[in-house]
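Structure first, commentary second.
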Amino acid sequence: MVLILKAVENIPLIQKGDDLAELVCENTEISDNDIVVIASTVVSKMIGLTFYEKDMIPTFEAKRIAQLNGKSPEFVQAVLDESTGVLTETPFMLVRNKNGHICINAGIDGSNVGGEKLLKLPQNPDKYAAEIGKNIEEKTGKKISVIITDTNGRAFKNGQTNVAVGLYNIKPIKKWIGEKDLYGKVLEISEEAVADEIAGAANLIMGEGCYGCPIVIVSGLDFYTAEKTSIGEMYRDEKDDLIVQSLLSAKEKKEKKDDIKVRIYRDGEAIDVNCFFDEKDNMYKEMSFYKFEGVNFED
């Protein structure tokens with residue numbers, strides 16, 4: 001087997017409305033079973049998912065979390081808007097994006113965008129992988145697969161790698177269950193995350209920062225399928241994910257400890273306010289509309 005990874009050269013800075021499929025076909029040769037690996041950054045630019053942090057209007061919750069992790073309330077609000085659940089609030093926000101992907105800051109990033117703009121992840125990467133893939137197939141007459149990727153950190157190890165966040169015409173998992181090993185033992189649990197492996201390999205060609213090769217063609221593999229596939233097949237059910245359950249349990253215990261209701265008196269009127277414990281200042285604080293104010297009371 002020979003594995004070939006080839007960057008698609010001469011891709012311009014992508015703007016909203018650009019045709020990625022056309023750019024691929026104009027700048028490289030496509031063969032049957034090729035896998036087109038595309039950085040989510042250019043997909044998000046193509047569909048216009050840039051925004052300005054200053055345009056966000058932070059809620060009380062965003063201000064509370066911002067006080068804990070040092071991010072601006074506006075940035076925290078943007079993360080919350082793109083999330084269906086928060087696993088950690090500090091020292092960074094680890095959340096489940098609306099597309100199902102668990103990542104830091106909901107994948108919102110300001111690199112390779114320009115100016116003060118920020119960029120969101122697509123909410124349905126499979127949809128855009130299919131649209132781009134079908135357009136390439138129509139233009140070339142070839143059977144191809146598409147993987148949309150994003151850079152992700154990893155539990156227990158330093159460093160980031162590319163992972164799959166959307167796909168078309170490729171199964172994300174290769175199941176070895178039922179196959180035999182070198183000694184004839186039947187495999188019972190082996191499942192290979194081939195979409196992530198391909199995404200990681202492609203990132204060696206894509207690079208980071210100003211390297212600037214957002215599309216890579218992977219040839220030599222036979223993972224094409226005409227069956228309907230989804231990146232959701234990779235995501236472990238929350239109730240079966242020990243790391244997620246541990247993070248949620250720790251967060252819940254902290255919230256039970258931190259969140260209290262305090263009766264204070266303002267202008268002679270009794271008011272019940274929700275307070276949280278700020279570990280930085282070692283005191284309970286109340287959220288006002290514009291800022292946090294310390295609340296003095298006896299335990």
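Some observations on this one:
- Every residue from the stretch 56-88 that is under 16 Å from the mean Cα position of the chain (by Cα) and farther than 17 Å from K120 by Cα: L87, T88
- Inspection of the stretch 158-175 finds no residue satisfying the criterion of being on the phi < 0 side of the Ramachandran plot, exposed (fewer than 12 other Cβ atoms within 10 Å of the Cβ) and of a type in the set (A, V, I, L, M).
- Residue in the stretch 29-37 that is among the hydroxyl-bearing types (S, T, Y) and closer than 30 Å to A226 by Cα present: yes
- Number of positions in the stretch 156-196 that are under 30 Å from E131 (Cβ atoms) and either of a type outside the set (D, E, K, R) or outside the structural domain of L242 (by TED's automatic domain parsing) (or both): 16
- Number of the condition not met by E197 [criteria: (1) without any contact (Cβ under 8 Å) to a residue 24 or more places away in the chain; (2) under 20 Å from the mean Cα position of the chain (by Cα); (3) not in a helix (DSSP H, G or I)]: (3)
- Among the numbered conditions (1) in contact (Cβ under 8 Å) with a residue 40 or more places away in the chain; (2) assigned to a strand (DSSP E or B); (3) within 26 Å of S219 (Cα to Cα), the only one that Q160 does not meet is (1).
- Leading residue by the ranking (surrounded by the fewest Cβ atoms within 10 Å (Cβ to Cβ)) among those in the stretch 235-262 that are outside any helix (DSSP H, G or I) and at pLDDT 70 or above: D237
- Failed criterion for G153 (all others in (1) in the same structural domain as L13 (by TED's automatic domain parsing); (2) in a helix (DSSP H, G or I); (3) over 16 Å from E233 (Cα atoms) hold): (2)
- In the stretch 131-150, of all residues being assigned to a strand (DSSP E or B) and of a type in the set (V, I, T), the one that is nearest to F92 (Cα to Cα) corresponds to T149.
- Residue match in the stretch 189-209 (condition: farther than 30 Å from I104 by Cα and of a type in the set (A, V, I, L, M)): no
- G85 of a type outside the set (A, V, I, L, M, F, W, C) and part of a strand (DSSP E or B): yes
- Being modelled with pLDDT of 95 or more and assigned to a loop (DSSP other than H, G, I, E, B) is not true of S44.
The values are calculated or read from the model by the stated rules, or taken from the named source; none is laboratory data. In this text, all values refer to a predicted model and were calculated from it rather than measured experimentally. Note: ideal-geometry Cβ built from the backbone for every residue, glycine included; neighbour counts use all protein chains shown.
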